[in-house]
Amino acid sequence: MKRLAEIICIALLIIFQYYTSQSQTIFKVPKYPYETCIADYDQDGDNDIVVGCNLNFEDDTIVFFINDKWGNFEQQQFAANGGGFIYCKDLTSDNYPDIITRDADSIFFYENDQYIGIGTGYFIKNTYGNPYLGGIADINKDGYLDVVNYDITTPWSWGVAFNNGDYTFTDTAFVENNETWYRTTAGSLNNDNQPDILVTTLDQSESVYILYNDYPNFEKQTIATPDWNPGYILNVNNDNLNDVLLERPLYIGSTWIVNMINKDDHFQACDTLVFVNGTDIRNICDYNLDGYDDITMNVYQANNQPIEDSIYIYFNDQNCGYTHVQSIYMGDYYWLPTINSGDLNGDGYPELVVQGYSMPSPDYIRILWNNGEGHFIDTNSVYVHQNEIEIQKQITVYPNPASGSLSITSTAEKIIDIKILDLNGRIMLQKEVSPEQAKVNLNLKDTQLRSGLYLCIIQLENEVLVFKKLIFNKSG
């Protein structure tokens, strides 16, 4: 029983096969990575990386980097339409995140097929051109996530595509203006836990405002004068209310930001900062887990400035300001850098996934690992033994996904025992192999297995345990 308990504990910690060494931080994708997102796409308890590869909206690809819980990744890719401005949110309420994306003139989503792939694509809305996604939230409080969006070609407009819960959407344009363009951000800005909408615009006749959500009604509150664009929702001062950070480019290479502290009934500007070596805020996250949101900006060389294309990490100084902590050279600024954050190796600290720079070339994404001490490094701080990785590579489980017969082959030591466990650690199937064999065939069709994700534990004759993810499709 003790041995079985150990197996179950290990099984719950390690569910994906090791694919690469723990120190690898740069991953090549088929073409230019336009956007990335970090989400637990396969719902196994760790964060994966989804990349939209898009170049002029032709021959697009969506790439998955599936995490083994330790920051080692298995790459899979699928032909797709779109790939720009990837969001991973559950639009179908099945607990699996779907992929929301866009092409040149429409927004749509791919349903999560629950087998680490993309399912059917569904239309969300037509646009006038170059649509942006301004947030995914349940605006009308019906239990389904809606899509806040805006167009950046005439007529400039923003609105909400309301999710009907049946794979269709009802589009509503809240504002339409022929002069300039809006940006929207969805998030809670009062104590009712309902998603509100922050609106910033370049229109001189419009100020920065919030639409407080009491659907179907919205209460409009102006919080700043015009010319702040874009805006972000974050927690500046570690209280129970989200605040607003506003950004304004001053000239190439410099950015003016102001923190608007939420006082429940009004917003108060608490500090104004000019970042000489900062052009755009690219990510907001509490990197050092102190309860205060930090920021990352991208910096690029322009007008003969003596700076190199880099990302700059600024930590919240807990007094409405930001302290420059680290600069990381990223190679030449290529096009539309994006930075996303999330814990990728299970140590609790968020990593950074960066694309849009030419280091080593534009068709790569790069992971910067959080060392838990305020700096991002190239090496994963959670160590995985290389010999364990090599043994994993010598064991194959085929086909996977499986629906009937399953073959397990070892080019290392011979196999003496096989167990298939569900995600609660229960043994669903066990086969002792005698005499020991290099290849074992199993019939899964006549078992009690249901469609879903399982862990296959293969014991070799040298007492080494090998763990493999197994997807079973009963209807296949």
Strands (runs of 3 or more DSSP E) within the stretch 61-111 that include 3 or more residues farther than 15 Å from residue 365 by Cα and free of Cβ contacts under 8 Å to residues at least 60 places away in the same chain: 84-89, 98-102
Unmet criterion (only one of (1) touching a residue at least 40 places away in the same chain (Cβ under 8 Å); (2) polar (S, T, N, Q); (3) open to solvent by 10 Å² or more (accessible area, probe 1.4 Å)) for residue 371: (1)
Test: residue in the stretch 428-449 that is of a type outside the set (Phe, Trp, Tyr), open to solvent by 20 Å² or more (accessible area, probe 1.4 Å) and under 32 Å from the mean Cα position of the chain (by Cα): no
Residue selected from the stretch 119-136 under the condition surrounded by fewer than 21 Cβ atoms within 10 Å (Cβ to Cβ) and more than 14 Å from residue 168 (Cα to Cα), by the criterion modelled with the highest pLDDT: 119
Cross-chain or 6+ apart pairs with Cβ under 6 Å, the stretch 122-138 first and without any contact (Cβ under 8 Å) to a residue 40 or more places away in the chain, then open to solvent by 50 Å² or more (accessible area, probe 1.4 Å): 127/105; 129/105
Test: residue 39 is modelled with pLDDT of 85 or more, closer than 24 Å to residue 160 by Cα and surrounded by fewer than 23 Cβ atoms within 10 Å (Cβ to Cβ): yes
Strands (runs of 3 or more DSSP E) contained in the stretch 351-459 and holding at least 1 residues within 30 Å of residue 337 (Cα to Cα), modelled with pLDDT of 90 or more and not small (Gly, Ala, Ser): 351-357, 364-370
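Which of the residues that make up the stretch 202-216 are open to solvent by 50 Å² or more (accessible area, probe 1.4 Å) and part of a loop (DSSP other than H, G, I, E, B)?
Those that are open to solvent by 50 Å² or more (accessible area, probe 1.4 Å) and part of a loop (DSSP other than H, G, I, E, B): 202, 204, 205, 215, 216.
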Selection count where residues are open to solvent by 30 Å² or more (accessible area, probe 1.4 Å) and under 24 Å from the mean Cα position of the chain (by Cα), scope the stretch 217-242: 4
Lone qualifier among 142, 171 - being more than 30 Å from residue 401 (Cβ to Cβ), open to solvent by 20 Å² or more (accessible area, probe 1.4 Å) and assigned to a loop (DSSP other than H, G, I, E, B): 142
Subset of the stretch 99-115 [among the hydrophobic types (A, V, I, L, M, F, W, C), in contact with a strand residue (DSSP E or B) (Cβ under 8 Å, 6 or more places away or on another chain) and open to solvent by 10 Å² or more (accessible area, probe 1.4 Å)]: 108
Which numbered condition residue 272 fails, given (1) open to solvent by 50 Å² or more (accessible area, probe 1.4 Å); (2) touching a Phe, Trp or Tyr at 6+ places or on another chain (Cβ under 8 Å); (3) more than 30 Å from residue 324 (Cα to Cα); (4) not acidic (Asp, Glu): (3)
The stretch 174-201 - residue that is open to solvent by 50 Å² or more (accessible area, probe 1.4 Å) and assigned to a strand (DSSP E or B) and, of those, modelled with the highest pLDDT: 183
Qualifying position, being at pLDDT 85 or above, on the phi > 0 side of the Ramachandran plot, open to solvent by less than 20 Å² (accessible area, probe 1.4 Å) and not acidic (Asp, Glu), among 83, 52, 71: 71
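The values are calculated or read from the model by the stated rules, or taken from the named source; none is laboratory data. On a predicted model such as this, the values are computed, not experimentally measured, just so you know. Cβ: placed from backbone, ideal geometry, glycine included. Neighbour counts: every protein chain shown. Side chains included, ligands, DNA and RNA excluded: accessible areas come from the protein's heavy atoms. Shrake-Rupley method; radii C 1.70, N 1.55, O 1.52, S 1.80 Å.
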